[in-house]
Amino acid sequence: MDLLIKGGKVVTAKTTFKADVAVKNGKISAIGANLKPEKDTEVVDAKGKLVLPGAIDGHTHLAMPFGGTISTDDYFAGTRSAACGGTTTVFDFVLQGQGEKMLDAIKRRNALAEPDAAVDYSFHIGVGDVTNDKMLNSMEGAVEFGVTSFKVFMVYDFGVDDGQFFKTLQKAKELNALVGVHAENREVNNVLVEKYLSEGKTDAWWHYMSKNEDVEGEADVRAINLAKMAGTSLYIVHLANKQGMEAVTQARAEGYPIFAETCPQYLYFTKEVYKRPRGRDFVCSPPMKGKPSQDALWEGIKNGNITTVATDHCPFTKKEKDWGIKTKTGAKGNFTTIPNGCAGIENMYPYMLSEANKGRISFNKVVELCATNPAKLFGIDYCKGSLSIGLDADIVIYDPKKSFTITNAKMHGDTDHTIWEGAKLKGYPVATYSHGKLVFDGKNFVGEKGAGKFVKCKTVKFKSPAL
């Protein structure tokens, strides 16, 4: 026995109970009452605290090229920040280039992640080229390697059309792979952008208006219908609107394996942030929506129709966000020139746990959304996602009595601001362990660059909404 966490309350997706947790060789070796340490065992007193599985952030963009720059956090900064927020596994996106086989794309990206990642990581493929059978069939190599999930974009110039989307779903069905979708109506978005710019409407508010509730909601409905036609599962990422939430709820009630992810920024902020003096800092896609959509998402969490919470972490500096401003020299900055994305990888688990601590949802529901369900959905529940004997000792100790106000100065990424500045949390993680080794001591990152390992995903055949 290398580590013994004593006297805490163990929280799983289903139950909460007082128990000690023992760790040996990076795995959970025992859970029970009054466990005795062995010689040289490190003993940690968790009395009055909660003992939780490390969170899994199923949606990050580290060192990602976008909008003429690269997201601020590389694989070390991003995973360091994750660890300090209680997240012990991150899923990043491999963006497939034109004419690039998917396995080649994975290997290219893994060469960046492997020497830098401070906690464990895996990948989704961001589908960039399925224009011919060779590219489509390269999904097989990715699955064999252990990357079993693929994301299509219905928006952006590099996005797929409906036919390519449908072919990707069909191929995924053959492989028992999972397809995720960024759902926004590209053509309507383009029309609205052209309209608002022609009218001289350039600030961040018009980013929201050009990607409003209907622009996202229509695409959610269409994506679900395509999945139904293909007879396969679908994972809607960063769901942010009421219409989409209603469509997910209906499809799941009909028995379809449709899963939805939402993000903390949609649960905490509304579209009103785009009216702030630095509304451009909040520009992300999809944008935050109105209060009715936010309420629908919380209801989806409570009734089980939101399957996971993730961050869509994709930070950019203030200077880069300022690219959206018209300059004194006449440079034509506007809402379309603002890099899309916000920091959040360090804030997800603390925010969701704080909401549980305030009584909005249960701690068990937070573990389900942020750890257990992502592990099941992405095929890594053989080693991650819960506090169970034999699984990796990815453990968070949470103090429900610790007050914490988020400031960028307290964060551990490389970004120079946070949209969460000033948010007050009730309770906070005071220790994070990855494979039984302390990586966050309640204040500082104490892990090691490159200590994180690639986690292979297994395929999962979903026949119903149940995980």
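Nothing in this text is a laboratory measurement; each read-out follows from the coordinates by a stated rule. Everything numeric in this text was worked out from a predicted model, so none of it was measured. For neighbour counting, all protein chains shown are included, and Cβ atoms are generated from backbone atoms with ideal geometry for every residue, glycine included.
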* Structure fact -> Count of lysine pairs, the stretch 276-380, Cα-Cα under 26 Å, sep. 8 or more residues or interchain, comes to 21
* Over all pairs of distinct alpha carbons, what does the Kirkwood formula give as the hydrodynamic radius of the stretch 190-328, in Å? -> 15.9
* C-alpha long axis of helix 186-198 to longest principal axis of the chain, angle in ° -> 60
* Asked: Spin-label point model (7 Å from Cα, Cβ direction): what's the Lys36 to Lys401 distance in nm?
  -> 3.0
* For the stretch 60-126, what's the radius of gyration and Dmax over Cα atoms, in angstrom? -> 11.9, 38
* **Table column - 3J(HN,Hα) (Hz), the stretch 265-274, Karplus curve with 6.51, -1.76, 1.60, x for Gly and Pro** => 5, 7, 8, 10, 9, 10, 4, 4, 5, 6
* Nonlocal amide H pairs with Tyr235, under 5 Å, H built at 1.01 Å -> Val179, Gly180, Val181, Phe259
* Structure fact -> The helix 102-113 Cα axis meets the longest alpha-carbon principal axis of the chain at an angle in degrees, between 0 and 90 and rounded to 10, of 60
* Structure fact -> Calc'd 3J(HN,Hα), the stretch 127-143, phi into Karplus 6.51 cos²θ - 1.76 cosθ + 1.60 (θ = phi - 60°), Hz, glycine/Pro = x, comes to 5, x, 8, 10, 6, 9, 5, 4, 5, 4, 6, 6, 4, 4, x, 5, 4
* Please list the non-local residues whose amide H lies under 5 Å from the amide H of Leu3, H modeled 1.01 Å from N, same-chain partners needing a gap of 5 or more. => Val23, Glu42
* To do: Per residue of the stretch 203-211, in order, report the coupling 6.51 cos²θ - 1.76 cosθ + 1.60 (Karplus, θ = phi - 60°) as ³J(HN,Hα) in whole Hz, putting x for Gly and Pro.
  => 7, 4, 4, 7, 4, 4, 4, 7, 10
* To do: Please state the charge dipole magnitude for the chain, taken about the Cα centre, from unit charges on C-beta atoms (+1 on K and R, -1 on D and E), reported in debye and rounded to the nearest 20.
  => 1100
* Asked: Excluding Lys107 itself, what net charge comes from residues whose Cβ is under 13 Å from its Cβ, given Lys and Arg +1 and Asp and Glu -1?
  -> -1
* Asked: Any idea what the alpha-carbon Rg over 2.2 N^0.38 Å comes to for the stretch 311-397?
  -> 1.62
* With a cut-off of at most 16 other beta carbons within 10 Å, and DSSP calling the residue loop, which GluC sites (Glu not before Pro) in the stretch 183-274 qualify? Please list them. => Glu199, Glu254
* Structure fact -> What one gets for the stretch 1-113 as the Kirkwood radius, inverse of mean 1/r over different Cα pairs in Å, is 17.0
* Taking only DSSP H segments of four or more residues, each worth -39500 (n - 2.57), what value at 222 nm results for the chain once the sum is divided by all its residues, to the nearest 500 deg cm²/dmol? -> -8500 deg cm²/dmol
* To do: Could you work out how far helix 213-230 tilts from the main Cα principal axis of the chain, as a 0 to 90 degree angle to the nearest 10?
  => 80
* Which label marks the calculated value of Kirkwood radius over Cα pairs in Å, given the options (i) 28.5; (ii) 22.2; (iii) 22.9? -> (ii)
* Asked: When all alpha-carbon pairs of the stretch 134-206 are counted, what percent fall beyond 18 Å?
  -> 51
* Structure fact -> Given the candidates Phe158, Asn132, Ala113, the one whose Cα lies deepest towards the positive end of the charge dipole of the stretch 72-176, counting +1 at each Lys or Arg C-beta and -1 at each Asp or Glu C-beta, is Asn132
